[in-house]
Amino acid sequence: MTKVYQVTGSTEDGTTIVLDAPLPVRGLLKIQVEPIQVAEAPTVARMREVLSAIREKQCARGHKPPTAEEVDDYIKQIRSEWRDETNLP
């Protein structure tokens, strides 16, 4: 029985197939091509809709995002801890 290898890939120009991984065989091959359905990339408008919905849900449950100053203080604290652990000035 012949071993079957399955590898994904794409076509460059409609005639050249570029595989995502090398095949462990050489010589004459029988190729079977099966198109893969790829989900469409989200649009900027769709991403804004999703983020807006997330923010609305957060607001509804009383979430308040940190202020810019709180974020800066947190970053300074983390950097200070990192310097302490690595003995840097």
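Every read-out reported here was derived from the displayed coordinates using simple, explicitly stated rules and does not represent laboratory data. Just so you know, these numbers come straight off a predicted model, no measurement behind them. With ideal geometry, Cβ positions are generated from the backbone for all residues, glycine too; neighbour counts draw on all protein chains shown.
Quick notes
- Remark: pairs (first residue in the stretch 49-69, of a type in the set (A, V, I, L, M, F, W, C); second residue exposed (fewer than 10 other Cβ atoms within 10 Å of the Cβ); Cβ separation under 7 Å; 6+ apart in sequence or on different chains) are absent.
- Complete set of residues in the stretch 1-20 that are surrounded by 10 or more Cβ atoms within 10 Å (Cβ to Cβ) and either touching a Ser or Thr at 6+ places or on another chain (Cβ under 9 Å) or outside any loop (DSSP other than H, G, I, E, B) (or both): Gly9, Ser10, Thr11, Ile17, Leu19
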